[in-house]
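Structure first, commentary second.
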Amino acid sequence: MNGREEEYSYLLERLRRSNWRLTAQRRAVAEVLSGPDIHLTAEEVLSRAKEVLPEISRATVYNTLKELTDRGELEEVQIFPGPVHYDPNAVVRHHHLVCSRCGKIMDIQPYGLDSLELPPEARDGFRLEQIDVIFRGMCEECA
Ligand SMILES: [Zn+2]
Ligand SMILES: [Zn+2]
């Protein structure tokens, strides 16, 4: 990491500064989703949150994930094949590196995407809203 973390703050810190009521349960969910390169499925969030707060329920975890997604604090990342991953790096627009062996997902801000354009004749009337790029390969440990 090259100081990229300093460009944005992690989820728990953002929530502390917002007016969102941080109950113990919500805190446990936010805690496991704070840090760099975090992309967890709902079930992964549940099992990690249980380590922090054993009495936390599945319904609470799912409701909290939905609420945080609706608030724009989490982004849903779907890399096929596979379930939705919750990404707390919702502040900085980024793309993903995915290891095709272990499935690890890492954030990346590639160069050159700003110059990507749809040819004018493509898909008449199509209104482009977002471009998602996935770089697939093997992570350091797997290569
Ligand atoms: Zn790997
Ligand atoms: Zn990400």
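The values are calculated or read from the model by the stated rules, or taken from the named source; none is laboratory data. Bear in mind that the values here come from a model prediction, so they are computed numbers and not experimental data. Every residue, glycine among them, receives a Cβ derived from its backbone with ideal geometry; neighbour counts consider all protein chains shown. Note: areas computed on protein heavy atoms with side chains; ligands, DNA, RNA excluded. Shrake-Rupley method; radii C 1.70, N 1.55, O 1.52, S 1.80 Å.
Taking 8 Å as the Cα distance limit and 6 or more residues as the minimum spacing, I'd like the relative contact order of the range 8-104 as a percentage. Before the final figure, lay out the partial values.
Numbers: 108 pairs, mean separation 27.5, N = 97.
Over the range 8-104, the number comes to 28 percent.
Among Arg26, Arg101, Arg58, which one moves the most in a GNM of the chain with springs linking Cα atoms closer than 10 Å?
Comparing Arg26, Arg101, Arg58 in a Gaussian network model of the chain, the most mobile one is Arg101.
Give me the net charge of Leu46's neighbourhood, meaning all other residues with Cβ under 14 Å from the Cβ of Leu46; Lys, Arg count +1, Asp, Glu -1.
Every neighbour counted, the sum reads 0.
Can you tell which of Asp107, Asp124, Asp37 shows the greatest fluctuation in a Gaussian network model of the chain with Cα springs below 10 Å?
Between Asp107, Asp124, Asp37, it is Asp124 that shows the largest mean-square fluctuation.
For Leu65, what is the net charge nearby, where nearby means another residue's Cβ is under 15 Å from its Cβ and Lys, Arg count +1, Asp, Glu -1?
In short, -2.
Report, for the chain, the % of DSSP beta bridges that are antiparallel, rounded to 5.
Antiparallel bridges: around 70 percent, rounded to the nearest 5.
Taking the mean number of other Cβ atoms within 10 Å as a proxy for protection, how do you rank 28-35, 129-136 from highest to lowest? Kindly include the intermediate steps, with their values, before the conclusion.
Working: 28-35: 21.9, 129-136: 9.8.
Packing order, densest peptide first, comes out as 28-35, 129-136.
For Leu11, Leu22, Leu128, write out the residues from largest to smallest accessible area, computed with a 1.4 angstrom probe and no ligands counted. Intermediate values should be presented prior to the final figure.
Numbers: Leu11 0, Leu22 60, Leu128 90 Å².
Order by accessible area, largest first: Leu128, Leu22, Leu11.
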